[in-house]
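Working notes, beginning with the structure itself.
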Amino acid sequence: MRNDQTQAAGTPAVVDLRSDTVTRPTEAMYARMRTAPLGDDGLDADPTACALEETAAAMLGKAAGLFVPSCTMGNLLAILAQVQRSEQVLLEAQAHMLHTERGAATLTGAFLYGIGGTDGAMDLDRLEDALRPGASPLRTAMIALETSHNAAGGTVLPEAHMAAVADIARARGIPVHLDGARLFNAATHLGVAPATLTAHVDTVSLCLSKGLSAPVGAVLAGDGPVIAAARRLRKMIGGTQRQVGIVAAAGLEAITVMGARLAEDHDRARQLSDGLNALPRLSANAPQTNIVQVDLGRTGRDSARWVADLDAAGIRTRPLGERRLRLVTHRHIAADDVVRAVAAFRACLDAA
Ligand SMILES: Cc1ncc(COP(=O)(O)O)c(C=O)c1O
């Protein structure tokens, strides 16, 4: 079955566009998981987790890596390891770390300050303003970037923007962290290796369980002392796991094999967006990667109603506020699923 999901005979598979996190492990991942050498990662290291950490660090051009249960924990540890209480982190105003991960602000004692911007990129003048002596009573201890940018519809930071932020930060001795949950999507869009982008940052969190299809986990990469500190902190917050090589094995497959197919997801997102833009009263972003945002403002129905109506037609979506939907393409979305999704939108519009 294409979607690897349980399905009654004769029933069309559900087209699940809620997120790329719904992706199931590949057969190659299951094969690696069955044969992975295992150890106790809390006692004296798990060899497969170590292999994942070393491989990911090398691919990201960093000295060391740390396997963590989630990208949220990777971002949290990056802050805990580098930012003291009552210091601040500057990041784009719609950043996932600021808006969704709340723990970074509530658990660390650091203040997260959002800088306005466009398409997920901070306005550089405003960033420099926020860094002027006296602009804040708090010392800025980190600047954080996000690419691709979730809330901005999967937009990709231009490499020149990342370089400019790095210049601003380095001139002041401030480390730059990258929330690279979908870094491989960003690199695919730009046609560069992930390490080309991470050369502009000091630490990076890379999620394995989104488009890369691993069931669990993320890697935080950076220089040796920061990752050693993050490793100690991971234990304190309960993120150290035992025979974790079982899931790290899938992560190894994810980073070494699965990045190569992400362009397909981006193509499907563009087909979806084009199909929706051809319908009356709907407008969708022109996606750079795998996230489509659909504006429902002219349809006379709110997002909750759209989600329910599409769900009844076997198309699963998520609301983005009251007037928009978020659709994400991934490995289980084939070309005919896009056609089905667009047809369901059309039928809902006709039924209104
Ligand atoms: C940009 C971004 N950062 C971080 C995360 C958190 O990832 P996780 O679910 O692995 O904690 C997400 C999840 O959607 C995300 O989109």
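The values are calculated or read from the model by the stated rules, or taken from the named source; none is laboratory data. Note that this is a predicted model, so its numbers are computed, not measured. Using ideal geometry, Cβ is built from the backbone for each residue, glycine included, and neighbour counts are taken over all protein chains shown. For accessibility, only protein heavy atoms count, side chains too; no ligands or nucleic acids. Shrake-Rupley method; radii C 1.70, N 1.55, O 1.52, S 1.80 Å.
Of note:
- For region 150-301, the Stokes-Einstein estimate of translational diffusion at 37 °C and a viscosity of 0.692 mPa s comes to 187 µm²/s, using the Kirkwood hydrodynamic radius over alpha-carbon pairs.
- In terms of packing, defined here as the mean over residues of other Cβ atoms within 10 angstrom, the peptides 29-36, 295-302 line up highest first as 29-36, 295-302.
- Solvent-accessible area assigned to carbon and sulfur over the chain amounts to 53 percent, based on a 1.4 Å probe.
- For region 156-214, applying the loop criterion from DSSP together with a ceiling of 13 other beta carbons within 10 Å to the trypsin sites (Lys or Arg not before Pro) yields Arg172.
- A convex hull fitted around the alpha carbon atoms of region 213-265 yields 103 Å³ per residue.
- Heavy atoms of Met59 accessible to a 1.4 Å probe, total area in Å² rounded to 10: 60
- Based on DSSP H segments of at least four residues, each scored -39500 (n - 2.57), the chain has a per-residue ellipticity at 222 nm of -12500 deg cm²/dmol.
- Ordered from largest to smallest accessible area (heavy atoms of protein chains, 1.4 Å probe), the residues Thr289, Thr188 come out as Thr188, Thr289.
- Mean projected area of the Cα convex hull of region 64-221, taken over all directions, amounts to 8.3 nm².
- Axial C-alpha extent at least 30 Å, average Kyte-Doolittle at least -0.5 - helices from the chain (DSSP): none
- Free-standing Cys residues across the chain, given no other cysteine C-beta under 4.7 angstrom: Cys50, Cys348
- √(5λ) per eigenvalue of the Cα gyration tensor, the chain, largest first, Å: 34, 27, 16
- Largest first, the residues Thr155, Thr196 sort by 1.4 Å accessible area into Thr196, Thr155.
- Mean-position separation - Cα centroids, region 86-123 and region 336-352, in angstrom: 37
- Rounded Å value of the spacing that divides the Cα centres of region 8-57 and region 151-191: 26
- Computed with a 1.4 Å probe over protein heavy atoms only, the accessible area of Val216 comes to about 50 Å².
- Here the calculated FRET efficiency for Arg139 and Ala308, from their Cβ-Cβ distance with R0 = 30 Å, stands at 0.05, rounded to the nearest 0.05.
- Tail fraction, Cα-Cα pairs, region 56-124, threshold 13 Å, whole percent: 68
- Taking all protein chains as they are arranged and a probe of 1.4 Å, the heavy atoms of Asp123 leave approximately 60 Å² accessible to solvent.
- Solvent exposure, largest accessible area first (probe 1.4 Å, DNA, RNA and ligands not counted), of Asp267, Asp44, Asp336: Asp44, Asp336, Asp267
- Size of region 16-60 as Cα extents on the principal axes (Å, biggest first): 40, 27, 19
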